[in-house]
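J.: This is the structure, below, for whatever I ask next.
The values are calculated or read from the model by the stated rules, or taken from the named source; none is laboratory data. Fair warning: this is a prediction, and the values are worked out from it, not measured in the lab. Counting neighbours? That spans all protein chains shown, and the Cβs are built from the backbone with ideal geometry, glycine included. The accessibility values were calculated without ligands, DNA or RNA, using every heavy atom of the protein model including side chains. Shrake-Rupley method; radii C 1.70, N 1.55, O 1.52, S 1.80 Å.
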Amino acid sequence: MEFRGKNVVVTGASSGIGREVAILFAQKGANVAVAARRLDRLQQVCAKMERHGVATLACKCDVSDKLQVSKMYEMVSDEMGPVDILVNNAGFAIYGTVSELTIDDIESQMATNYLGMTYCTKYFLPGMLQRQSGHIVNVASAAASFGLPGIASYCASKFAMLGFSEGLHHELHGTGVGVTVVSPIMVRTDFFDHQSFTGMPKYSPFSLSANTVASAILRAAGSPRLEIMVPQIVRGAVWCKHTFPFIVNPAMGSAFQKKLNATRE
C-alpha cells in the first residue's frame with residue numbers, strides 16, 4: 001500500500017512498538033500524529049520522523065480517559081485534517097494472579113487496552129465512513145487467543161479487543177473502511193518494565209523485535225484480513241487450541257503456572 005501523503009494516528013507511541021511503527025510510517029512518507037502520556041518522549045519521536053520531511057504532531061493523551069481522547073481527536077482534526085489510518089497500540093499489563101491484583105489493577109488494564117481502543121475508534125471511524133476510506137489497526141497479542149495464569153486480566157482485555165474487532169470487521173464490509181488486528185507473541189520492549197514483572201525472565205529466545213511487529217502493522221494497514229499473527233506459525237497453535245482444547249489448554253496452563261509458581265519461590 002502507498003502511504004505517502006496519508007495521515008496516520010498512532011497511540012502508545014512514546015516507546016516500543018508504537019514508536020517504531022510511527023517512524024516506519026514517516027519513512028514511507030506518511031504524516032503522523034503520535035499520542036501517549038509522556039509528551040517529552042513523543043517530541044523525541046517527532047524529531048526523528050521530521051527528518052523524513054513529513055508533518056508530525058505530538059498529542060499528550062491518556063487513552064483510558066475519553067475526554068482526553070476527545071481533545072486529541074480535535075487537535076488532530078484541526079492540525080492534520082482527515083485521518084486515513086488509526087493504529088490503536090496503547091496497552092500494558094500488570095502481572096499477578098486475580099486474587100493478588102486489586103480491582104483497580106484489573107480495571108486500569110481494561111480501561112487502557114480495550115476501552116482506549118474503543119474511544120479512539122468511535123472518534124475517528126465516522127470520518128472514515130463518510131469518506132468511504134480508511135483503516136483501523138488494533139494491536140492485540142497472542143494472549144487474545146490464550147487465557148494464561150498470571151496475566152488473566154491482560155488476556156481479558158485482548159480477548160475483548162479481538163471480539164470487538166471481529167464484530168466491527170463484519171459491520172464495515174462494503175464500506176471502504178477496514179479493521180485488522182495484529183497479534184504478536186512476546187516483544188522486546190519496555191512492556192515488562194512494570195514492577196509486577198520483577199524477578200521474571202523478560203524475554204524468551206523466540207521474542208520479537210519491535211521493528212518486526214511494526215512492519216506487520218504497516219502490512220495490516222492495507223490488508224483485508226481480520227487478524228495477522230506474528231509470527232504466522234502461531235496461527236497453527238490457535239487452530240490446535242480450538243480443535244484439541246482438551247489437550248492444548250491443560251498443557252498451556254501447566255507451563256505458565258510453573259513460571260508463575262517459580263516467581264513465588
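J.: Could you grab me the full set of residues in segment 24-42 that are farther than 15 Å from Asn138 by Cα and touching a residue at least 40 places away in the same chain (Cβ under 8 Å)?
T.: Leu24, Phe25, Lys28, Ala30, Asn31, Ala33, Ala36
J.: Looking at Gly150, Gly134, can you tell me which residue is at positive phi and either modelled with pLDDT of 95 or more or of a type in the set (A, V, I, L, M) (or both)?
T.: Answer to the selection: Gly134.
J.: Kindly list, by first and then second residue, each pair from a residue in segment 43-60 that is open to solvent by 20 Å² or more (accessible area, probe 1.4 Å) to a residue that is part of a strand (DSSP E or B) and of a type in the set (Ser, Thr, Tyr), limited to pairs with Cβ atoms under 8 Å and residues at least 6 apart or on different chains.
T.: As it stands, the answer is Glu50/Thr56, since those pairs meet every condition given.
J.: Any chance segment 2-18 includes a residue that's of a type in the set (A, V, I, L, M) and over 17 Å from Asn138 (Cβ atoms)?
T.: No, segment 2-18 contains no residue that is of a type in the set (A, V, I, L, M) and over 17 Å from Asn138 (Cβ atoms).
J.: When you scan segment 82-101, do you find a residue that is open to solvent by less than 70 Å² (accessible area, probe 1.4 Å), on the phi < 0 side of the Ramachandran plot, assigned to a helix (DSSP H, G or I) and aromatic (Phe, Trp, Tyr), even just one?
T.: No, segment 82-101 contains no residue that is open to solvent by less than 70 Å² (accessible area, probe 1.4 Å), on the phi < 0 side of the Ramachandran plot, assigned to a helix (DSSP H, G or I) and aromatic (Phe, Trp, Tyr).
J.: Starting from segment 214-227, take each residue that is in contact (Cβ under 8 Å) with a residue 40 or more places away in the chain and of a type in the set (A, V, I, L, M) and list its partners that are surrounded by fewer than 24 Cβ atoms within 10 Å (Cβ to Cβ) and part of a loop (DSSP other than H, G, I, E, B), counting only C-beta distances under 9 angstrom and pairs at least six apart or across chains.
T.: Cβ pairs passing all conditions: Leu218/Met1; Leu218/Phe3; Leu218/Lys28; Ala221/Met1; Ala221/Phe3; Ala221/Lys6; Ala221/Asp84.
J.: If you take the residues of segment 61-72 that are open to solvent by 20 Å² or more (accessible area, probe 1.4 Å) and under 18 Å from the mean Cα position of the chain (by Cα), which of them is nearest to Arg41 (Cα to Cα)?
T.: Asp62
J.: Does segment 230-242 include one or more residues that are at pLDDT below 80, surrounded by fewer than 17 Cβ atoms within 10 Å (Cβ to Cβ) and not basic (Lys, Arg)?
T.: Checked against the condition, which is being at pLDDT below 80, surrounded by fewer than 17 Cβ atoms within 10 Å (Cβ to Cβ) and not basic (Lys, Arg), segment 230-242 yields at least one hit.
Here is a yes/no grid of residues against (1) of a type in the set (A, V, I, L, M); (2) touching a residue at least 60 places away in the same chain (Cβ under 8 Å); (3) in contact with a Gly (Cβ under 7 Å, 6 or more places away or on another chain):
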position	(1), (2), (3)
Pro82	no, yes, yes
Leu86	yes, yes, no
Asn89	no, yes, yes
Ala93	yes, yes, no
Gly96	no, yes, yes
Leu101	yes, no, no
Met110	yes, no, no
Thr121	no, no, no
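J.: To continue, here is another question. What are the residues in segment 1-26 that are under 16 Å from Val213 (Cα atoms) and either more than 20 Å from the chain's Cα centre (by Cα) or open to solvent by 10 Å² or more (accessible area, probe 1.4 Å) (or both), if any?
T.: Selection gives Gly12, Ser14, Ser15, Gly16, Ile17, Arg19, Glu20, Ile23, Leu24.
J.: If you don't mind, there's one more thing I want to ask. Please go through (1) open to solvent by less than 30 Å² (accessible area, probe 1.4 Å); (2) free of Cβ contacts under 8 Å to residues at least 12 places away in the same chain for Leu148 and return the number of the only condition it doesn't satisfy.
T.: Only one criterion in (1) open to solvent by less than 30 Å² (accessible area, probe 1.4 Å); (2) free of Cβ contacts under 8 Å to residues at least 12 places away in the same chain is unmet by Leu148, namely (2).
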